[in-house]
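Please read the structure below before turning to the comments.
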Amino acid sequence: MKVIVAEHAGFCFGVTKAVETVYEQINTDNSGKIYTYGPIIHNETVVSDLEKKGVKVIESAKDLENLVSQDGEAADGTIVIRSHGVTRQVQAAIEKTGLKVIDATCPFVKRIHKVVDSESLAGKHIIVVGSAKHPEVEGIVSYANGPVHVIENPEEARNFNENRELEYTIVAQTTFNRKKFQETVEIFENNGYNINVVNTICNATDERQTEAEDIARRADVMIVIGGASSSNSRKLYEICSKECDNTYFIQTLDDLHLDLHEDVKIVGITAGASTPKNIIEEVQNYVRTNF
Ligand code: F3S
(Lines give C-alpha, C1' and ligand atoms only; values in the text may rest on other atoms or scores of the structure.)
Protein backbone atom coordinates (compact mmCIF):
# COMPACT_ATOMS: atom_id res chain seq x y z
CA MET A 1 0.00 0.00 0.00
CA LYS A 2 1.24 3.44 -0.93
CA VAL A 3 0.71 6.56 1.18
CA ILE A 4 0.78 9.89 -0.63
CA VAL A 5 1.04 13.01 1.52
CA ALA A 6 0.29 16.28 -0.25
CA GLU A 7 3.24 18.64 -0.46
CA HIS A 8 0.92 21.60 0.03
CA ALA A 9 -0.64 20.36 3.25
CA GLY A 10 -0.82 22.25 6.52
CA PHE A 11 0.09 25.78 7.54
CA CYS A 12 0.17 28.30 4.73
CA PHE A 13 2.52 31.26 4.77
CA GLY A 14 -0.03 33.64 6.37
CA VAL A 15 -0.99 31.27 9.17
CA THR A 16 2.63 30.36 9.90
CA LYS A 17 3.45 34.04 10.23
CA ALA A 18 0.49 34.74 12.54
CA VAL A 19 1.19 31.78 14.83
CA GLU A 20 4.91 32.55 14.98
CA THR A 21 4.11 36.16 15.83
CA VAL A 22 2.17 35.09 18.91
CA TYR A 23 4.89 32.69 20.09
CA GLU A 24 7.49 35.43 19.55
CA GLN A 25 5.45 37.78 21.74
CA ILE A 26 5.31 35.17 24.49
CA ASN A 27 9.09 35.18 24.48
CA THR A 28 9.37 38.96 24.42
CA ASP A 29 9.84 40.49 27.86
CA ASN A 30 7.96 43.75 27.34
CA SER A 31 4.82 42.38 25.63
CA GLY A 32 2.76 42.39 28.83
CA LYS A 33 -0.44 40.36 28.69
CA ILE A 34 -0.96 38.92 25.19
CA TYR A 35 -4.31 38.83 23.43
CA THR A 36 -5.44 37.63 20.02
CA TYR A 37 -8.60 38.93 18.36
CA GLY A 38 -10.42 35.63 17.82
CA PRO A 39 -8.52 32.34 17.97
CA ILE A 40 -5.25 32.80 16.05
CA ILE A 41 -6.06 29.74 13.90
CA HIS A 42 -8.86 27.19 13.66
CA ASN A 43 -6.96 24.59 15.55
CA GLU A 44 -7.87 23.68 19.11
CA THR A 45 -4.49 22.10 19.91
CA VAL A 46 -2.57 25.24 19.04
CA VAL A 47 -5.08 27.58 20.68
CA SER A 48 -5.10 25.63 23.94
CA ASP A 49 -1.29 25.49 23.98
CA LEU A 50 -1.25 29.28 23.65
CA GLU A 51 -3.86 29.60 26.39
CA LYS A 52 -1.64 27.58 28.70
CA LYS A 53 1.12 30.06 27.97
CA GLY A 54 -1.15 32.91 29.06
CA VAL A 55 -2.54 34.11 25.72
CA LYS A 56 -6.14 35.27 26.00
CA VAL A 57 -8.60 35.17 23.11
CA ILE A 58 -10.75 38.29 22.73
CA GLU A 59 -14.07 37.26 21.20
CA SER A 60 -15.85 40.54 20.50
CA ALA A 61 -15.70 44.32 20.37
CA LYS A 62 -17.46 44.28 23.78
CA ASP A 63 -14.52 42.34 25.25
CA LEU A 64 -12.25 45.07 23.90
CA GLU A 65 -14.23 47.76 25.71
CA ASN A 66 -13.92 45.79 28.94
CA LEU A 67 -10.15 45.97 28.67
CA VAL A 68 -10.19 49.70 29.14
CA SER A 69 -10.70 50.70 32.77
CA GLN A 70 -13.83 52.68 33.72
CA ASP A 71 -11.85 55.89 34.09
CA GLY A 72 -10.64 55.41 30.52
CA GLU A 73 -7.14 54.27 31.39
CA ALA A 74 -5.55 52.42 28.47
CA ALA A 75 -5.16 48.65 28.63
CA ASP A 76 -1.74 47.21 29.14
CA GLY A 77 -0.41 44.49 26.86
CA THR A 78 -0.22 43.39 23.24
CA ILE A 79 -2.90 42.24 20.82
CA VAL A 80 -2.25 40.25 17.66
CA ILE A 81 -4.66 40.45 14.72
CA ARG A 82 -4.93 37.07 13.02
CA SER A 83 -4.20 36.24 9.40
CA HIS A 84 -7.70 36.75 7.98
CA GLY A 85 -7.90 40.26 9.36
CA VAL A 86 -10.68 42.24 11.06
CA THR A 87 -13.28 44.80 10.05
CA ARG A 88 -12.41 48.48 9.89
CA GLN A 89 -14.62 49.04 12.93
CA VAL A 90 -12.88 46.36 14.99
CA GLN A 91 -9.50 47.71 13.92
CA ALA A 92 -10.53 51.14 15.25
CA ALA A 93 -11.86 49.59 18.48
CA ILE A 94 -8.59 47.70 18.95
CA GLU A 95 -6.56 50.86 18.48
CA LYS A 96 -8.73 52.65 21.06
CA THR A 97 -7.81 50.18 23.78
CA GLY A 98 -4.25 51.47 23.93
CA LEU A 99 -2.85 47.95 23.58
CA LYS A 100 0.23 47.55 21.41
CA VAL A 101 -1.18 46.23 18.12
CA ILE A 102 0.62 43.66 16.00
CA ASP A 103 -1.19 43.16 12.73
CA ALA A 104 -0.61 39.66 11.38
CA THR A 105 -3.27 40.04 8.68
CA CYS A 106 -2.00 38.09 5.69
CA PRO A 107 -0.70 40.41 2.94
CA PHE A 108 -3.01 38.65 0.46
CA VAL A 109 -6.02 39.64 2.58
CA LYS A 110 -4.66 43.19 2.98
CA ARG A 111 -4.50 43.40 -0.80
CA ILE A 112 -8.24 42.66 -1.02
CA HIS A 113 -8.97 45.37 1.56
CA LYS A 114 -7.03 47.84 -0.62
CA VAL A 115 -8.76 46.76 -3.84
CA VAL A 116 -12.21 47.05 -2.25
CA ASP A 117 -11.36 50.41 -0.69
CA SER A 118 -10.02 51.99 -3.88
CA GLU A 119 -12.50 50.43 -6.32
CA SER A 120 -15.47 51.49 -4.21
CA LEU A 121 -14.00 55.00 -3.88
CA ALA A 122 -13.85 55.03 -7.68
CA GLY A 123 -17.61 54.42 -7.71
CA LYS A 124 -17.68 50.68 -8.46
CA HIS A 125 -20.15 48.45 -6.68
CA ILE A 126 -18.36 45.58 -4.98
CA ILE A 127 -19.20 41.89 -5.18
CA VAL A 128 -17.40 39.60 -2.74
CA VAL A 129 -17.60 35.90 -3.59
CA GLY A 130 -17.32 33.94 -0.34
CA SER A 131 -19.08 32.99 2.89
CA ALA A 132 -20.85 36.04 4.28
CA LYS A 133 -20.38 34.98 7.90
CA HIS A 134 -16.67 34.23 7.60
CA PRO A 135 -14.58 36.82 9.50
CA GLU A 136 -12.34 37.32 6.46
CA VAL A 137 -15.36 38.25 4.32
CA GLU A 138 -16.80 40.47 7.07
CA GLY A 139 -13.44 42.27 7.10
CA ILE A 140 -13.38 42.64 3.29
CA VAL A 141 -16.96 43.94 3.21
CA SER A 142 -16.15 46.60 5.79
CA TYR A 143 -13.61 48.18 3.44
CA ALA A 144 -16.26 49.07 0.86
CA ASN A 145 -17.11 52.76 0.80
CA GLY A 146 -20.36 52.17 -1.06
CA PRO A 147 -22.71 49.33 -2.06
CA VAL A 148 -21.34 45.83 -1.51
CA HIS A 149 -22.87 42.40 -2.14
CA VAL A 150 -21.74 39.01 -0.90
CA ILE A 151 -22.36 36.06 -3.21
CA GLU A 152 -21.90 32.67 -1.60
CA ASN A 153 -22.31 30.39 -4.62
CA PRO A 154 -23.18 30.26 -8.34
CA GLU A 155 -26.85 29.84 -7.47
CA GLU A 156 -26.90 33.25 -5.78
CA ALA A 157 -25.11 34.73 -8.79
CA ARG A 158 -27.90 33.43 -11.03
CA ASN A 159 -30.49 35.14 -8.83
CA PHE A 160 -28.55 38.42 -8.64
CA ASN A 161 -30.73 41.12 -10.07
CA GLU A 162 -29.25 44.60 -9.84
CA ASN A 163 -28.69 47.52 -12.16
CA ARG A 164 -26.79 46.34 -15.25
CA GLU A 165 -25.80 49.89 -16.19
CA LEU A 166 -23.41 50.12 -13.23
CA GLU A 167 -19.82 48.97 -12.98
CA TYR A 168 -18.98 46.16 -10.57
CA THR A 169 -15.71 44.87 -9.18
CA ILE A 170 -15.61 41.24 -8.11
CA VAL A 171 -13.17 39.85 -5.56
CA ALA A 172 -13.06 36.45 -3.86
CA GLN A 173 -12.47 35.21 -0.33
CA THR A 174 -8.85 33.96 -0.40
CA THR A 175 -9.90 30.37 0.25
CA PHE A 176 -12.74 30.20 -2.26
CA ASN A 177 -12.83 27.28 -4.69
CA ARG A 178 -11.20 28.34 -7.95
CA LYS A 179 -13.61 26.51 -10.27
CA LYS A 180 -16.67 27.81 -8.47
CA PHE A 181 -15.27 31.34 -8.65
CA GLN A 182 -14.80 31.04 -12.42
CA GLU A 183 -18.31 29.65 -12.76
CA THR A 184 -19.70 32.54 -10.70
CA VAL A 185 -17.84 35.14 -12.77
CA GLU A 186 -19.13 33.61 -16.01
CA ILE A 187 -22.71 33.80 -14.73
CA PHE A 188 -22.32 37.55 -14.13
CA GLU A 189 -20.76 38.04 -17.56
CA ASN A 190 -23.41 35.99 -19.32
CA ASN A 191 -26.12 37.93 -17.52
CA GLY A 192 -24.86 41.20 -18.97
CA TYR A 193 -23.08 42.71 -15.97
CA ASN A 194 -20.15 45.04 -16.53
CA ILE A 195 -17.59 43.51 -14.20
CA ASN A 196 -13.96 44.01 -13.40
CA VAL A 197 -12.63 40.72 -12.01
CA VAL A 198 -9.83 40.72 -9.48
CA ASN A 199 -9.00 37.12 -8.71
CA THR A 200 -7.95 37.26 -5.07
CA ILE A 201 -7.92 33.53 -4.38
CA CYS A 202 -4.58 32.92 -2.79
CA ASN A 203 -2.04 30.64 -4.45
CA ALA A 204 -1.64 28.56 -1.32
CA THR A 205 -5.32 27.62 -1.55
CA ASP A 206 -5.19 27.04 -5.25
CA GLU A 207 -2.16 24.75 -5.04
CA ARG A 208 -3.57 22.91 -2.06
CA GLN A 209 -6.94 22.32 -3.73
CA THR A 210 -5.50 21.28 -7.11
CA GLU A 211 -3.05 18.86 -5.52
CA ALA A 212 -5.71 17.41 -3.16
CA GLU A 213 -8.07 16.84 -6.08
CA ASP A 214 -5.34 15.11 -8.04
CA ILE A 215 -4.36 12.80 -5.15
CA ALA A 216 -8.00 12.03 -4.32
CA ARG A 217 -8.62 11.03 -7.93
CA ARG A 218 -5.91 8.37 -7.67
CA ALA A 219 -6.49 7.31 -4.04
CA ASP A 220 -8.72 4.51 -2.76
CA VAL A 221 -8.92 6.23 0.62
CA MET A 222 -8.38 9.93 1.24
CA ILE A 223 -7.81 11.59 4.62
CA VAL A 224 -8.36 15.33 5.08
CA ILE A 225 -7.04 16.76 8.35
CA GLY A 226 -8.42 20.07 9.55
CA GLY A 227 -10.26 21.96 12.28
CA ALA A 228 -14.04 21.51 12.43
CA SER A 229 -14.54 25.26 12.00
CA SER A 230 -11.87 25.74 9.35
CA SER A 231 -13.64 26.63 6.11
CA ASN A 232 -10.67 25.89 3.87
CA SER A 233 -10.42 22.38 5.37
CA ARG A 234 -14.11 21.75 4.79
CA LYS A 235 -13.70 22.87 1.18
CA LEU A 236 -10.80 20.45 0.78
CA TYR A 237 -13.03 17.69 2.12
CA GLU A 238 -15.74 18.63 -0.38
CA ILE A 239 -13.27 18.56 -3.29
CA CYS A 240 -11.77 15.21 -2.24
CA SER A 241 -15.16 13.57 -1.60
CA LYS A 242 -16.16 14.29 -5.19
CA GLU A 243 -13.14 12.34 -6.44
CA CYS A 244 -12.91 9.62 -3.80
CA ASP A 245 -15.89 7.96 -2.08
CA ASN A 246 -13.83 6.94 0.94
CA THR A 247 -12.83 10.38 2.15
CA TYR A 248 -12.41 10.96 5.89
CA PHE A 249 -12.43 14.36 7.62
CA ILE A 250 -10.54 14.33 10.92
CA GLN A 251 -9.16 16.90 13.35
CA THR A 252 -6.51 14.71 14.94
CA LEU A 253 -5.37 11.10 14.82
CA ASP A 254 -7.90 10.25 17.58
CA ASP A 255 -10.75 10.80 15.11
CA LEU A 256 -9.38 8.34 12.59
CA HIS A 257 -11.05 4.93 12.63
CA LEU A 258 -9.71 3.32 9.52
CA ASP A 259 -10.72 -0.06 8.36
CA LEU A 260 -8.74 -0.69 5.20
CA HIS A 261 -9.61 -3.55 2.91
CA GLU A 262 -6.88 -5.55 1.24
CA ASP A 263 -7.64 -4.05 -2.13
CA VAL A 264 -6.74 -0.54 -0.93
CA LYS A 265 -3.63 0.40 -2.88
CA ILE A 266 -3.28 4.13 -2.32
CA VAL A 267 -4.10 6.25 0.75
CA GLY A 268 -3.88 10.00 0.21
CA ILE A 269 -3.43 12.58 2.97
CA THR A 270 -3.92 16.32 2.84
CA ALA A 271 -4.56 19.02 5.44
CA GLY A 272 -6.06 22.48 5.75
CA ALA A 273 -4.09 25.67 6.27
CA SER A 274 -4.49 25.57 10.04
CA THR A 275 -3.22 22.04 10.62
CA PRO A 276 0.17 21.84 12.37
CA LYS A 277 2.90 19.66 10.83
CA ASN A 278 3.10 17.31 13.81
CA ILE A 279 -0.55 16.24 13.38
CA ILE A 280 0.03 15.46 9.69
CA GLU A 281 3.12 13.45 10.63
CA GLU A 282 1.27 11.52 13.34
CA VAL A 283 -1.47 10.54 10.89
CA GLN A 284 0.91 9.49 8.13
CA ASN A 285 3.08 7.47 10.55
CA TYR A 286 -0.01 5.73 11.88
CA VAL A 287 -1.22 4.78 8.40
CA ARG A 288 2.23 3.67 7.28
CA THR A 289 2.89 1.50 10.32
CA ASN A 290 -0.55 0.01 10.93
CA PHE A 291 -1.63 -1.05 7.48
FE1 F3S B 1 -2.81 34.10 3.46
FE2 F3S B 1 -3.51 32.41 1.67
FE3 F3S B 1 -2.93 31.58 4.00
S4 F3S B 1 -4.43 34.35 2.03
S5 F3S B 1 -3.52 33.22 5.34
S6 F3S B 1 -1.50 32.55 2.59
S7 F3S B 1 -4.54 30.76 2.74
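The values are calculated or read from the model by the stated rules, or taken from the named source; none is laboratory data. Every value quoted in this text rests on a predicted model; they were computed, and no experiment measured them. As a convention, Cβ positions derive from the backbone with ideal geometry for all residues, glycine included, and neighbour counts pool all protein chains shown. Keep in mind that these areas ignore ligands, DNA and RNA; they rest on the heavy atoms of the full protein, side chains included. Shrake-Rupley method; radii C 1.70, N 1.55, O 1.52, S 1.80 Å.
Taking the Kirkwood radius as Rh and the Cα radius of gyration as Rg, the chain has a ratio of Rg/Rh equal to 1.02. For residue 33, the aspartates and glutamates whose Cα falls under 12 Å of its own Cα, not counting residues fewer than eight places away in the same chain, are 51, 76. Ranking of 50, 260 by solvent-accessible surface, largest first: 260, 50 (1.4 Å probe, protein heavy atoms only, all chains present).
Treating r as the C-beta distance of residue 159 and residue 255 and R0 as 35 Å, the FRET efficiency rounds to 0.40.
The mean sequence distance of close C-alpha pairs (under 8 Å, at least 6 residues apart), as a share of the length of the chain, puts its relative contact order at 21 percent. Per residue, the average separation of C-alpha pairs within less than 8 Å and at least 6 apart gives the range 1-90 a relative contact order of 35 percent. Computed with every protein chain present, the accessible area of residue 152 is close to 70 Å² [probe 1.4 Å].
Once the 1.4 Å probe is applied to the protein heavy atoms, the range 150-191 comes out at 53 Å² accessible per residue. Take every DSSP beta bridge whose two residues both sit in the chain; close to 0 percent of them are antiparallel. Computed from the C-beta positions of residue 196 and residue 133 and an R0 of 30 Å, the FRET efficiency is 0.70 to the nearest 0.05.
Highest GNM mean-square fluctuation among 200, 28, 105, for the chain modelled with Cα contacts below 10 Å: 28. Leaving out ligands, DNA and RNA, what percent of the accessible area of the range 58-127 is carbon and sulfur, probe 1.4 Å? After summing per-atom areas, the C and S share lands at 51 percent.
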